[in-house]
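Enquirer: Mind looking over this structure? Questions follow.
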Amino acid sequence: MQASEDSVRALTAELSKLNNHRFIKVQNSVWRLILFQFARGLAFGLGTLMGATVLVSLIAWWASQFSFIPILGEWMTQIVQQMENGR
């Protein structure tokens with residue numbers, strides 16, 4: 001009988017720790033959940049924008065190095081010049 005009571009006490013303590021966890025507190029409040037998801041969306045959007053900017057810049061620079069390809073080289077050189085003029 002003692003083992004059963006100890007198990008219930010241990011389970012109660014663990015459940016109490018779980019209910020006090022930050023994730024559960026956020027999920028229990030609609031406004032906190034909305035704010036958390038909004039902040040998460042902003043961070044995801046900013047990261048995506050910055051990553052795409054770096055990736056496109058690297059690809060444009062890399063492609064501009066192929067000046068020996070007549071059409072592609074001239075076109076990429078113009079793109080790089082436009083990007084530099086925009087700075």
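Enquirer: List pairs: first in region 26-47 and modelled with pLDDT under 85 and in a helix (DSSP H, G or I), second of a type in the set (D, E, K, R) and surrounded by 10 or more Cβ atoms within 10 Å (Cβ to Cβ), Cβ under 8 Å, 6+ apart or cross-chain?
Expert: What qualifies is Val26/Arg32; Arg32/Lys25.
Enquirer: Mind listing whichever residues of region 1-56 are closer than 30 Å to Met83 by Cβ and polar (S, T, N, Q)?
Expert: Applying the first criterion (closer than 30 Å to Met83 by Cβ) to region 1-56 yields 41-56.
Thr48, Thr53 - these are the residues of region 1-56 that are closer than 30 Å to Met83 by Cβ and polar (S, T, N, Q).
The values are calculated or read from the model by the stated rules, or taken from the named source; none is laboratory data. Because the structure is a prediction, the values reported are computed rather than measured. Here Cβ is always computed from backbone atoms with ideal geometry, including for glycine, and neighbour counts include all displayed protein chains.
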